[in-house]
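Chemist: Below are the structure tokens for one structure; questions will follow.
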Amino acid sequence: GHPVLSTSAAAPNGEILETPREIEEKLGHSIDIIIDGGIVPCRPSSVISLIDDEPEIIREGLGDVSCFL
């Protein structure tokens, strides 16, 4: 599935989008609403797939992912 709510956004090519304008330009066609909370420069979060028996690290960002290895 896909998230109903997200606090960050990335373009399909993995580019991190930091401003509401960037998000609207790259993803506006597929997003119903963008709430402008100001620019929050940050390192992306980690994304770990738990679909299969073995966890798969999709993107390593903030947070320790060693417990999934």
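Chemist: Does VAL4 qualify as being of a type in the set (Val, Ile, Thr) and either modelled with pLDDT under 85 or exposed (fewer than 10 other Cβ atoms within 10 Å of the Cβ) (or both)? Don't jump to the end; show me each part of the working.
Modeler: Working: of a type in the set (Val, Ile, Thr): yes; either modelled with pLDDT under 85 or exposed (fewer than 10 other Cβ atoms within 10 Å of the Cβ) (or both): yes.
For VAL4, the condition - of a type in the set (Val, Ile, Thr) and either modelled with pLDDT under 85 or exposed (fewer than 10 other Cβ atoms within 10 Å of the Cβ) (or both) - is met.
Chemist: Another question, if that's okay. Here are some conditions: (1) surrounded by 12 or more Cβ atoms within 10 Å (Cβ to Cβ); (2) β-branched (Val, Ile, Thr); (3) at pLDDT 85 or above. ILE31 meets all but one. Which one does it not meet?
Modeler: ILE31 satisfies every listed condition except (3).
Chemist: A further question follows. Applying the selection to region 35-63, what residues are part of a loop (DSSP other than H, G, I, E, B), among the aliphatic types (A, V, I, L, M) and at pLDDT 85 or above? I'd like the intermediate steps shown before the answer.
Modeler: So in region 35-63, the residues part of a loop (DSSP other than H, G, I, E, B) come out as 35-44, 46, 50-55, 60-61, 63.
Next, only the ones that are among the aliphatic types (A, V, I, L, M) stay: 35, 39-40, 50-51.
Residues satisfying the conditions are LEU50, ILE51.
Chemist: What are the pairs with Cβ atoms under 7 angstrom where one residue, in region 45-69, is closer than 27 Å to GLU18 by Cβ and the other, located anywhere, is at pLDDT below 90 and among the acidic types (Asp, Glu)? Sequence gap at least six, or different chains.
Modeler: Every condition considered, the pairs that remain are SER46/GLU60.
Chemist: Could you list, in sequence order, the residues of region 47-68 that are surrounded by 13 or more Cβ atoms within 10 Å (Cβ to Cβ) and touching a Lys or Arg at 6+ places or on another chain (Cβ under 8 Å)?
Modeler: Passing the criteria: VAL47, GLY61.
Chemist: Which of the residues that make up region 13-28 are modelled with pLDDT of 85 or more and hydrophobic (A, V, I, L, M, F, W, C)?
Modeler: The answer is ILE23, LEU27.
The values are calculated or read from the model by the stated rules, or taken from the named source; none is laboratory data. Quick caveat: nothing in here was measured; it's all calculated off a predicted structure. Every residue, glycine among them, receives a Cβ derived from its backbone with ideal geometry; neighbour counts consider all protein chains shown.
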